[in-house]
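The values are calculated or read from the model by the stated rules, or taken from the named source; none is laboratory data. None of these values were measured; they are calculated from a predicted model. When we count neighbours, we look across all protein chains shown, and the Cβ atoms used for this are built from the backbone with ideal geometry, even at glycine.
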Amino acid sequence: MPFIFWDYTYVLIIIGALLSLAAQANVQMTYRRFAAQTSRSGARACDVARSLLNQHQLSAIPIKEIPGSLTDNYNPADKTLHLSQTVMYDTSIASIGVAAHECGHALQDQQAYFPLRLRAFMVPVTNFGSWLAWPLLLIGLFWNSQTGTLLLDLGIVLFSLTMIFALLTLPVEFNASRRALKALREQQILDEAELSGARQVLFAAALTYVAAAAAAILSFLRILLLSRGRRR
């Protein structure tokens, strides 16, 4: 009963969870550190975002405030940039870096950056796959027959979509951060010392995606190990 009682493969899940918790703690700590440092320009994050978008002929993209902290995102489906309430009107180095990062995603969309397009395409596919994978895996693991083996293999394929999506997110996020820092430097919104702080914030945020990808890989490895045990 591998999914009910303890087995050694749970160690992989624990490692993945610890990596994710450590990454989240690190990004919160780094963000708080630089959220306490106001930029010398005194510019608000929303104004920086507006300036960066206008500079790249993206003035039609609206900037909307959303609840929460670090919930910022760019939605390529409706071409809208969302800034969290803690970032929107803030003048700190951290908030400016976060806002610029989301502008980086808008630039990716404008230039048809392939990993972003592919990730957007995979969102509904991955959601469906993750929803269907677990029932198939459970049935396949406990149904010792040819049909059970087929369902298990199909569940593994569907579950792998989550891992692929997590890996695909990495180049998208790192590229958006590079675009953000380049734009902030070119428009002289932050000086070099402030850029260093923004870079640390964005790198800490990127590490959360690295941790998520690692956790997805470990979960997939666990499924493979359980599958191998079932086939013996």
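The table below gives the values:
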item	result
Meets criteria (in contact with a Leu (Cβ under 9 Å, 6 or more places away or on another chain), at pLDDT below 95, in a helix (DSSP H, G or I) and surrounded by 12 or more Cβ atoms within 10 Å (Cβ to Cβ)) for LEU52	no
Counted residues, the stretch 71-85 - those being in contact (Cβ under 8 Å) with a residue 24 or more places away in the chain and not aromatic (Phe, Trp, Tyr)	7
Residues of the stretch 81-128 that turn out to be over 30 Å from MET163 (Cβ atoms), in a helix (DSSP H, G or I) and of a type outside the set (A, V, I, L, M, F, W, C), as a count	1
SER41 vs. criteria part of a loop (DSSP other than H, G, I, E, B) and of a type outside the set (Asp, Glu)	yes
Residues satisfying the stated conditions in the stretch 72-94, i.e. closer than 21 Å to ARG199 by Cβ and out of contact with any strand residue (DSSP E or B) (no Cβ under 8 Å at 6 or more places or on another chain)	THR86, VAL87, ASP90, ALA94
Residues of the stretch 99-116 classified as touching a strand residue (DSSP E or B) at 6+ places or on another chain (Cβ under 8 Å) and closer than 16 Å to LYS182 by Cα, total	5
Residue tally, condition surrounded by fewer than 16 Cβ atoms within 10 Å (Cβ to Cβ) and over 29 Å from ARG228 (Cβ atoms), over the stretch 7-23	1
Whichever residue in the stretch 94-129 is free of Cβ contacts under 8 Å to residues at least 60 places away in the same chain and aromatic (Phe, Trp, Tyr) and, among such residues, is nearest to THR38 (Cα to Cα)	PHE114
Test result for ALA94, small (Gly, Ala, Ser), under 19 Å from ALA206 (Cα atoms) and loosely packed, with under 15 Cβ neighbours inside 10 Å	no
Any chance GLY16 is not in a helix (DSSP H, G or I) and not β-branched (Val, Ile, Thr)	no
Conditions (1) out of contact with any Lys or Arg (no Cβ under 6 Å at 6 or more places or on another chain); (2) part of a helix (DSSP H, G or I); (3) among the hydrophobic types (A, V, I, L, M, F, W, C): number failed by ALA77	(2)
Residue within the stretch 200-210 that is of a type in the set (S, T, N, Q), modelled with pLDDT of 95 or more and within 21 Å of the chain's Cα centre (by Cα) present	yes
